[in-house]
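Chemist: Below: one structure in structure tokens.
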Amino acid sequence: MTNLNYGDIVYRQGDVGLELIKSLPRGLKEVKDKTLALGEVTGHKHKFVTDDAKVWEDDNGNKYIAVLSPATLYHGNETQIAKTIEAPEKVDYEAENIHKPNTFHKAFYRVVPQIESDPYGGVQNVRD
């Protein structure tokens, strides 16, 4: 098993990266919608759908996550997410153009927008 350190990016999928952090910063506000990112191109969401994960936001719109016990992050539109929760073994992830769900263990994370280099347009956020 790999040892993880605070500051490591422990998850990367499309336009979302999660960085392991030691604790949540002060002054955060809890947000009810647990969507970490919304794909500008596909409309797909990276979203927790359980109370075992709390999503927080700072005044600049940066998101943080407190996973209280193992919690699964889903990807897709609302219908695809519901299908994945109901019967994950029946979902054709490639045909649906969605990522498989990932389970996170108890920890704190910072959502890190993923960037890409465009030789003609400079650096930009990944568009999913």
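Read the figures in this text as sums done on the coordinates, not as results from a lab. Remember, predicted model here, so these are calculated numbers, not experimental data. A quick note on method: Cβ atoms are made from the backbone with ideal geometry, for glycine too, and the neighbour counts reach across all protein chains shown.
Chemist: Could you pull out the GluC sites (Glu not before Pro) across segment 4-45 that fall in loop regions by DSSP (anything but H, G, I, E, B) with no more than 13 other Cβ atoms inside 10 Å?
Modeler: Loop-located and lightly packed - 40.
Chemist: Given contacts defined as C-alpha pairs under 8 Å and at least six residues apart, what's the relative contact order of segment 1-113, whole-number percent?
Modeler: This gives 29 percent for segment 1-113.
Chemist: Taking the Cβ of each residue in 4, 28 as the centre, tally the other Cβ atoms inside 10 Å and list the residues starting with the fewest. The partial results should precede the final answer.
Modeler: Values: 4 11, 28 17.
Ranking 4, 28 by Cβ neighbours within 10 Å, fewest first, gives 4, 28.
Chemist: To the nearest Å, what is the center-to-center distance of segment 62-108 and segment 1-44, using C-alpha atoms only?
Modeler: 13 Å
Chemist: Can you tell me how much longer the chain between residue 107 and residue 35 gets when fully stretched, taken as 0.36 nm per residue apart minus their C-alpha distance, in nm with one decimal?
Modeler: 24.1 nm
Chemist: Let me ask something else. Could you please rank 58, 33, placing first whichever residue has the fewest other Cβ atoms within 10 Å of its Cβ? Mind dumping the intermediate values first?
Modeler: Values: 58 15, 33 10.
Listing 58, 33 from fewest to most nearby Cβ atoms yields 33, 58.
Chemist: A further question on this structure: Cross-link partners among lysines for residue 34, C-alpha distance below 17 Å, same-chain residues fewer than 8 apart left out?
Modeler: Partners found: 45, 47, 54, 63, 106.
Chemist: A further question follows. Under the 0.36 nm per residue contour assumption, what length would be gained going from the current alpha-carbon distance of residue 95 and residue 22 to full extension?
Modeler: Gain in length upon complete extension: 22.5 nm.
Chemist: Specify which labelled value, from (1) 12, 36, 25, 16, 8, 2, 0; (2) 13, 36, 30, 15, 6, 1; (3) 12, 41, 35, 11, 1, agrees with P(r) over Cα pairs in 10 Å bins from 0, in percent derived from the coordinates of the model shown.
Modeler: Recomputing P(r) over Cα pairs in 10 Å bins from 0, in percent here picks out (3).
Chemist: Now for a separate question. For segment 15-53, state which trypsin sites (Lys or Arg not before Pro) are in a DSSP loop and have at most 15 other beta carbons lying within 10 Å of their beta carbon. Before the final figure, lay out each step's value.
Modeler: On the way: sites: 22, 26, 29, 32, 34, 45, 47; in loops: 22, 26, 32, 34.
Of the trypsin sites (Lys or Arg not before Pro), the ones in loops of segment 15-53 whose Cβ has at most 15 other Cβ atoms within 10 Å are 22, 26, 32.
Chemist: Quick one: what are the phi-derived ³J(HN,Hα) couplings along segment 90-95, Karplus 6.51/-1.76/1.60 with θ = phi - 60°, whole Hz, x for glycine and proline?
Modeler: Working through the residues one at a time gives 9, 7, 8, 4, 5, 5 Hz.
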